[in-house]
Amino acid sequence: MARFIVVVVVLVAIALLANKYLFGDGDAPPAKGKAAAAKQDDAKAADEKADDAGEDAEELAADAAAKKAQAGGPAPKFPAEDAGEEAAADAVASADVDTDLEQEPGVEPKLDAEADLAAPGEKITKMLPAETVQLGDPSLTAGIPGEGEITLEEMEVWLAEPKNHVVLKPELPLGLKAGEAEMKGLDENPLTRAKIELGRQLYFDPRLSSDASVSCASCHASETGYAAATKFGVGVEGQEGNRNSPTAYNRILSGAQFWDGRAASLEEQAKGPIANPIEMSNTHEACIECLRGIPGYVKQFNLVFEDGLTIDNVAKAIASFERTLVTGPAPWDYYTELDAFQQQFAADIEDLDALKEEDQELYNEYMALKKASDDHPISESAIRGGKLFFSEQAGCTACHLGANFTDEKYHNLGVGMDAKEPDLGRFVISNEEIDKGAFKTPTCRNVAQTAPYMHDGSQATLEEVVEWYAKGGHPNAWLSEKVKKLELSDQDKADLVAFMKEGLTGELPQVEEDRLLPDAEVAKEKAEEELKEEKAEAKAA
Ligand code: HEC
Ligand code: HEC
């Protein structure tokens with residue numbers, strides 16, 4: 001119990017001090033030297049630390065007061081700030097009282113107010129145990145609670161909650177789950193709710209582009225399966241590239257990005273479109289400059305990352321958001337679970353009444369699987385298509401394999417190879433002859449939502465795609481050995497299409513798309529309005 005109290009008191013103190021430190025005086029990152037010096041105090045006794053914390057709190061309060069005086073006139077002020085100051089002082093006071101508890105062996109929390117507040121978000125992240133979450137959980141992508149544009153006040157309240165800075169240990173939904181060991185990028189760029197939320201705002205924010213007209217979502221929109229319905233991506237001033245926009249979901253299972261794999265990670269990928277002249281047509285410098293002018297971004301970056309607002313951190317936040325975009329369980333996943341069970345326990349389920357009496361647990365498991373499958377029905381045609389997809393006859397799983405239905409490798413199917421100057425794809429990156437005209441195998445999950453298809457968007461429907469495979473692709477010197485003319489009846493082809501359309505379509509996460517940060521002027525006006533209202537209320541009281 002004593003341990004519990006100490007931990008709770010300390011956590012509350014961190015949260016409130018973090019809140020105060022960050023939001024009390026805004027955007028200047030605290031001096032590193034001081035923080036480093038303070039770190040050396042780690043070895044000191046716990047009660048000394050509590051004292052330090054008290055002094056720091058006073059120092060901070062004095063700092064904030066000085067800042068306000070310096071600014072001259074009524075600087076916009078947020079109610080959360082006041083509440084934070086008081087509560088932080090309270091928390092520090094109780095930490096003082098509890099110092100004898102804190103000395104209990106083995107539980108001394110490694111807290112040094114100043115060192116740990118150097119970048120509160122990241123420090124809290126390191127101090128608290130990880131939270132296990134299932135990707136696709138709507139709470140990850142629901143945005144900061146509220147309506148309309150995000151106000152600084154709403155943001156501050158939400159960011160002051162330690163749970164939003166805890167490292168998340170993601171699990172994958174049924175279907176993708178088989179690929180859980182293959183999840184990429186989490187060690188280098190740990191997920192937290194605050195980072196995902198920052199990435200969500202950036203992903204939907206057209207201010208990342210040169211004329212504030214194009215966001216990532218312009219070419220990777222949720223309505224079109226996080227891809228685009230156009231043949232090629234359409235960027236600033238309607239400019240067109242020469243490749244089709246692939247989907248931004250299930251990226252957590254994917255290493256190299258782009259059709260030719262030229263970006264080694266999602267983080268590296270995210271920086272590309274911002275500076276691409278025909279996409280967002282910006283420079284990284286101008287993009288950062290623009291974000292620096294939006295107060296809410298500066299605060300979030302300072303809180304989430306030790307080194308604040310940089311283009312690499314923009315990329316890290318966006319990548320974190322993208323990693324939460326996963327396809328939910330599809331009818332095929334429920335069907336295969338049930339099917340595997342039925343094969344394993346064929347004898348047991350012959351007589352269900354007997355099973356119910358003899359092995360209630362197994363009976364319940366069976367009934368649950370059966371219900372899940374019944375709730376997500378799949379047609380006979382789609383089931384036949386699935387079996388065909390995995391068969392030698394169609395051979396799709398020579399490349400579309402694993403939890404995300406892709407080998408993440410590059411193959412030449414002959415798409416676009418009849419052009420005068422064909423796009424040579426992976427070859428341009430690798431310079432390997434075998435990679436001429438080869439492109440990265442895309443996922444088949446939720447593929448019904450991401451038309452048109454192929455790297456050049458040349459195929460409008462899944463029916464066309466299946467015809468392409470049936471005729472053995474387009475002959476050229478580098479055609480993959482795995483692409484051959486297929487013996488498929490019209491029914492077989494229809495079954496393959498049904499498998500992809502109904503069998504492999506699962507739900508995508510619910511994502512808040514409209515709640516973004518206001519521009520600086522709007523934010524200032526709102527803050528001033530709030531201040532006026534507060535004053536009026538105070539007068540009335
Ligand atoms: C103008 C349209 C456009 C915009 C804006 C755009 N993209 Fe893309 N995106 C594309 C196209 C086209 C490709 C494929 C390019 C290639 O492979 O050469 C692509 C590729 C990708 C990929 C690789 C997927 C894979 O399977 O390899 C990801 C991830 C991605 N974009 C995310 C983003 C993010 C994040 C942003 C915003 C920072 C963004 N895109 C902005 C059109 C766009
Ligand atoms: C040799 C490896 C290979 C085999 C075998 C293969 N695919 Fe593909 N698939 C790819 C590659 C690579 C692409 C992208 C090619 C391009 O754009 O040039 C692709 C593209 C697709 C697409 C379009 C996806 C999108 O988002 O644009 C679908 C659908 C598809 N394949 C389904 C199938 C089916 C069904 C089969 C079996 C009949 C099959 N594939 C067999 C490698 C393969």
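Read-outs: derived from the displayed coordinates by stated rules, not from any lab. Source: prediction; values computed, not measured. So basically every Cβ, Gly included, is an ideal-geometry build from the backbone, and we count neighbours across all protein chains shown.
Calculate the FRET efficiency for residue 178 and residue 491 from the Cβ-Cβ distance with a Förster distance of 41 Å, rounded to the nearest 0.05.
My answer for the efficiency is 0.90.
Could you size up the charge dipole of the range 378-503 around its Cα centre, putting +1 on the beta carbon of Lys and Arg and -1 on that of Asp and Glu, and report it in debye to the nearest 20?
160
Taking amide H positions as placed 1.01 Å from N in the peptide plane, with prolines and chain starts having none, which residues 5 or more places from residue 507, or on another chain, fall under 5 Å of its amide H?
328
Pull out the extension gain between residue 513 and residue 237, defined as 0.36 nm times the separation in residues minus the alpha carbon to alpha carbon distance; nm, one decimal.
Here the segment from residue 513 to residue 237 would lengthen by 97.1 nm.
Can you pull the one-decimal nm distance between simple spin-label points at residue 418 and residue 392, each 7 Å off the Cα toward Cβ?
3.2
Please list, in order along the range 153-166, the HN-Hα scalar couplings obtained from phi with the Karplus expression 6.51 cos²θ - 1.76 cosθ + 1.60 (θ = phi - 60°), rounded to whole Hz, x for Gly and Pro.
Working through the residues one at a time gives 5, 4, 4, 5, 4, 5, 6, 6, 7, x, 4, 7, 10, 6 Hz.
Full extension from residue 482 to residue 223: what is 0.36 nm times the residue separation minus their Cα-Cα distance, to one decimal in nm?
89.9 nm
Whole-Hz Karplus ³J(HN,Hα) for the range 269-280, in order, using 6.51 cos²θ - 1.76 cosθ + 1.60 and θ = phi - 60°, x for Gly and Pro?
In residue order, the calculated couplings are 4, 4, 6, x, x, 4, 9, 6, x, 9, 9, 9 Hz.
Looking at the range 430-492, what % of the alpha carbon pairs are farther apart than 18 Å?
Result: 45 percent of Cα pairs exceed 18 Å.
Given H placed 1.01 Å from N in the peptide plane, which residues other than close sequence neighbours of residue 134 have an amide H under 5 Å from its amide H?
For residue 134, whose amide H was placed from the backbone, the distant partners under 5 Å are 171.
Under 19 Å from the 7 Å Cα→Cβ point of residue 463, by amide nitrogen: which residues of the range 423-453?
Correct set: 447-453.
As an exercise, identify the trypsin sites (Lys or Arg not before Pro) in the range 474-528 lying in DSSP coil whose Cβ has no more than 11 other Cβ atoms within 10 Å.
485
If you plug each phi of the range 352-358 into the Karplus form 6.51 cos²θ - 1.76 cosθ + 1.60 with θ = phi - 60°, what whole-Hz ³J(HN,Hα) values come out, in order, with x for Gly and Pro?
Each residue of the range 352-358 in turn: 5, 4, 5, 4, 4, 6, 7 Hz.
Once you have the Cα-Cα distance between residue 401 and residue 526, take 0.36 nm times their residue separation minus that, and quote the gain in nm to one decimal.
Working it through step by step, the gained length comes to 39.8 nm.
Show the residues, 5+ positions off or on another chain, whose built amide H is closer than 5 Å to the amide H of residue 438.
So residue 438 has HN proximity to 426, 427.
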